[in-house]
């Protein structure tokens, strides 16, 4: 099944970018194309980030193993759209003026949150290769736990950026909460299962 599934997901995940590209080429992005580009790329970055976080709960609850093979691809697409979001903002709104960027970071908290989320995604994307996984060992897993605060920052950034209709950021925040709560429960249950013995290491079984 994975023979066709990975190419299908790859093409499907690229469709929002192709749609925006075509809209930019044909001047069909609406009355405010700059706003459309910035908001749409940011929304898709957050969506793919949430899809990435949904893969582990889906695997654990369903027993399916195939979603795990898509996690790296979906995560890299989240970074790809986050980069497009950042590039759209820096090029269309501040004209690559880094002094303006520093001023926005100091004066607009939602810009600060979004920038921190993008910076957090950077080491995750750079360490997504198999070679990086082998080199980092156990540190790779600890590093990639950054995805949780990054997702929180992303939703928070969206909350503060929206000025009127809060339905979308509320929906994304609820989805994020539904993805983090099971992880908190599994971590709590795992700690309770570890026997507390002095002088002897517990034997852990891998499920």
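Values in this text are rule-based calculations from the coordinates and carry no lab data. Predicted, not measured: the structure shown is a model, and the values here were computed from it. Because the Cβ atoms are built from the backbone with ideal geometry, glycine has one as well, and the counts that use them run over all protein chains shown.
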How far is the Cα center of the range 119-152 from the Cα center of the range 1-58, in Å? 22
For the chain, set up a GNM with springs between Cα atoms under 10 Å and report which of 94, 150, 55 has the largest fluctuation. 94
Between residue 11 and residue 72, what is the label-to-label distance in nm when each label sits 7 Å out along the Cα-to-Cβ direction? 2.3
By average Cβ neighbour count within 10 Å, what is the ranking of 75-87, 152-164 from highest down? 75-87, 152-164
What percent do you get for the relative contact order of the chain when only Cα pairs under 8 Å and 6+ apart count? 18
Rounded, prolate or oblate: which fits the range 64-207, taking a ≥ b ≥ c as square roots of the Cα gyration tensor eigenvalues, rounded meaning a/c under 1.5, else prolate when a/b beats b/c? prolate
Modelled label reach - residue 92, point 7 Å along Cα→Cβ, the range 35-76 residues with backbone N closer than 18 Å: 35-47
Any idea what angle helix 33-62 forms with the longest principal axis of the chain, computed on alpha-carbon atoms, 0 to 90 degrees, nearest 10? 10
Shape call for the range 6-62, from the Cα gyration tensor axes a ≥ b ≥ c (a/c under 1.5 means rounded, otherwise prolate when a/b beats b/c, else oblate), comes out oblate
Length added when fully stretched, residue 177-residue 165, from 0.36 nm per residue minus Cα-Cα: 2.3 nm
Counting helices only, and only those DSSP H runs with n ≥ 4, report the 222 nm mean residue ellipticity of the chain as the sum of -39,500 (n - 2.57) divided by its residues, in deg cm²/dmol to the nearest 500. -26000 deg cm²/dmol
Shape call for the range 1-140 from the C-alpha gyration tensor, a ≥ b ≥ c root eigenvalues: rounded (a/c under 1.5), prolate (a/b greater than b/c) or oblate? oblate
Extended-chain gain in nm, criterion 0.36 nm per residue less alpha-carbon gap, residue 140 and residue 125: 4.2 nm
Angle between the chain longest axis and helix 71-92 axis [Cα atoms, degrees, rounded to 10]: 30
